[in-house]
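Asks: This is the structure, below, for whatever I ask next.
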Amino acid sequence: MTHPTYTQQALYRYNLPRLKRIAAELGVTPTLDKRATETWVNAIITHQSTKLQKVDNQALAQAELDHYIADQAQVVAPEPLRIVEISFSHHEYYAGDELVASISHDDNHLTQRWVVMVNDKELFRANILMRCHRFICTHYKDGTLPVQEQLATLCTTENRIMAHIFNECQNYGFEILDDGIYNNGVKLGQVGCTDGNWWVIQGCSSQQEYSNSVYDAVRTLSMADTSFATEPTPEYLQ
């Protein structure tokens, strides 16, 4: 039950019976001369001060506890995952620079075609991509996601990048050589992925352009104007 807070000045304006009723409501029993108004006023004021101090102490303790919990949560909580879209059918999840898990698309399955993979082993299947996303985030947050074998991560990632570039180039009939991507003997440029970011270099330029995915990067090369990429033939000059 909440009681009003009385000031000393207000209490002195009340008569003795009123002071006794206030004290009874607050549960205050003075130990000195109960016939004196000052005895009841002092008892009520002392009681109120004690209660206020207790409330202040509780509020301070709660604030300190909340601050501690927030600090601990900051320390314990895992860092947000970074998602790299290798292609429409393949996504990789990173914590910093370390691969945590990946999602791939299994065309051979009738219903649950999206698959969560860790260490090249299947962990979870679903009919939509978002369910696989939630699976990775939830289990990474609570620490139940298997640990990725990081020694093989770099090599595996590079192989996957090359595989995705090769697959996309095949769709256009492009040829991949040591120094870039070619079409009918004409160099179109280069495609690569650095720190999870896809890029494309058109023609013989040295300038990298950001791309959303390997699909967009190879598509950019497919739209390049190559009519003057090689030395004109004598017939053309005539």
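Derivation of every value follows stated rules applied to the coordinates shown; laboratory data play no part. None of these values were measured; they are calculated from a predicted model. Every residue, glycine among them, receives a Cβ derived from its backbone with ideal geometry; neighbour counts consider all protein chains shown.
Asks: Listed highest first by mean packing, meaning other Cβ atoms within 10 Å per residue, what order do 32-41, 4-13 come in?
Replies: On the way: 32-41: 14.2, 4-13: 11.6.
Ranked by mean Cβ neighbours within 10 Å, highest first: 32-41, 4-13.
Asks: Next up: Determine, for each peptide in 187-197, 134-144, the mean count of other beta carbons within 10 angstrom over its residues, then list the peptides with the highest first. It would help to have the intermediate numbers written out before the result.
Replies: Values: 187-197: 17.5, 134-144: 14.3.
Top to bottom by mean Cβ count within 10 Å: 187-197, 134-144.
Asks: For residue 34 and residue 97, compute 0.36 nm times the residue count separating them, minus their Cα-Cα distance, and round to one decimal in nm.
Replies: Working: separation 63, 0.36 × 63 = 22.68 nm, distance 7.66 nm.
Using 0.36 nm per residue and subtracting the Cα-Cα distance, I get 15.0 nm.
Asks: Now for a separate question. Sorted by packing (mean other beta-carbon atoms within 10 Å per residue), highest first, where do 98-106, 45-53 land?
Replies: Values: 98-106: 19.2, 45-53: 13.2.
In descending order of packing, they fall as 98-106, 45-53.
Asks: Would you calculate the separation in nanometres between label points at residue 131 and residue 195, each defined as 7 Å from the Cα along the Cα-to-beta-carbon direction?
Replies: Between residue 131 and residue 195, the label points sit 3.6 nm apart.
Asks: With the contact rule set at Cα under 8 Å and sequence spacing of 6 or more, what percent relative contact order holds for region 117-227?
Replies: On the way: 111 pairs, mean separation 16.8, N = 111.
Computed over region 117-227, the figure is 15 percent.
Asks: Can I ask one more? Expected output is a single nm value to one decimal: the length gained when fully extending between residue 8 and residue 52, i.e. 0.36 nm times separation in residues minus the C-alpha distance. What is it?
Replies: Working: separation 44, 0.36 × 44 = 15.84 nm, distance 1.50 nm.
Contour length minus Cα-Cα distance gives 14.3 nm.
Asks: Please work out the ratio of the alpha-carbon Rg of region 102-199 to 2.2 N^0.38 Å and round it to two decimals.
Replies: On the way: Rg = 16.8 Å, N = 98, 2.2 N^0.38 = 12.6 Å.
Here the answer is 1.34, to two decimals.
Asks: Set the Förster distance to 45 Å, then compute FRET efficiency between residue 108 and residue 59 from the Cβ-Cβ distance, nearest 0.05. Walk me through the numbers before you get to the answer.
Replies: Details: r = 62 Å, r/R0 = 1.37.
In this case the efficiency is close to 0.15.
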